[in-house]
Amino acid sequence: MNYNVLYLLSELIAPVIILLVSVTMWKNPPKMGENIGYRTRRSISSEEAWNFAQIYWARLSTFVFAGYTALTVAVGLIGILVNFGDKTGFAVFIAQSAVLVAMLFVIIGIVEYRLKTLFDEKGEPKGR
């Protein structure tokens, strides 16, 4: 049996969910005080920092995970056409999962860096 179709379907679950969440947050960001959203010490320091963090995370994640989803589909289709062996298909699955987790941490790091450069510790915009 060609497990590459199963690998492709399972590889698409997480990035598609993240993509849907990020598009939803971009179009309808959560209000401060809700139990959802991009919640870190810096993002909850003020209403202005909260609003910035929600939109910035959502936009960045939308673009990154749209590209990642397209790349996942391309690699999955290559795996189906070339008929990766079970071990190779599973190795690709593990590698793509590791890249997905790493990308989430990189996005969090970028958002936190932007919050740090734009807002002080109290959540007030710098330069005012």
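Of everything in region 40-85 that's of a type in the set (D, E, K, R) and part of a helix (DSSP H, G or I), which residue is surrounded by the fewest Cβ atoms within 10 Å (Cβ to Cβ)? It comes out as Glu47. The residue that is farthest from the chain's Cα centre (by Cα), among those in region 1-52 that are of a type outside the set (A, V, I, L, M, F, W, C) and under 28 Å from Ile80 (Cα atoms), is Asn2.
The residue list Ala58, Ala49 contains one member that is of a type in the set (A, V, I, L, M), closer than 27 Å to Thr117 by Cα and touching a Lys or Arg at 6+ places or on another chain (Cβ under 7 Å), which is Ala49.
Every condition in (1) exposed (fewer than 12 other Cβ atoms within 10 Å of the Cβ); (2) modelled with pLDDT of 95 or more holds for Glu112 except the one numbered (1).
With respect to the conditions (1) loosely packed, with under 12 Cβ neighbours inside 10 Å; (2) farther than 30 Å from Glu121 by Cα; (3) not hydrophobic (A, V, I, L, M, F, W, C), Thr88 lacks only one, and its number is (1).
In region 115-127, the qualifying residues are those that are outside any loop (DSSP other than H, G, I, E, B) and touching a residue at least 60 places away in the same chain (Cβ under 8 Å), and the one that is farthest from Tyr68 (Cα to Cα) is Pro125.
Look at (1) touching a residue at least 24 places away in the same chain (Cβ under 8 Å); (2) within 24 Å of Lys126 (Cβ to Cβ) and you find that Asn51 fails only one, number (1).
A single member of Val75, Val23, Val82, Val92 is aliphatic (A, V, I, L, M) and modelled with pLDDT of 95 or more, and it is Val23.
Scanning region 16-39 for residues that are of a type outside the set (Ser, Thr, Tyr) and surrounded by 13 or more Cβ atoms within 10 Å (Cβ to Cβ) returns Val16, Ile18, Leu19, Val21, Val23, Met25, Trp26, Pro29, Pro30, Met32, Gly37, Arg39.
The values are calculated or read from the model by the stated rules, or taken from the named source; none is laboratory data. In this text the structure is predicted, and so the values were computed from the model without any measurement. As a convention, Cβ positions derive from the backbone with ideal geometry for all residues, glycine included, and neighbour counts pool all protein chains shown.
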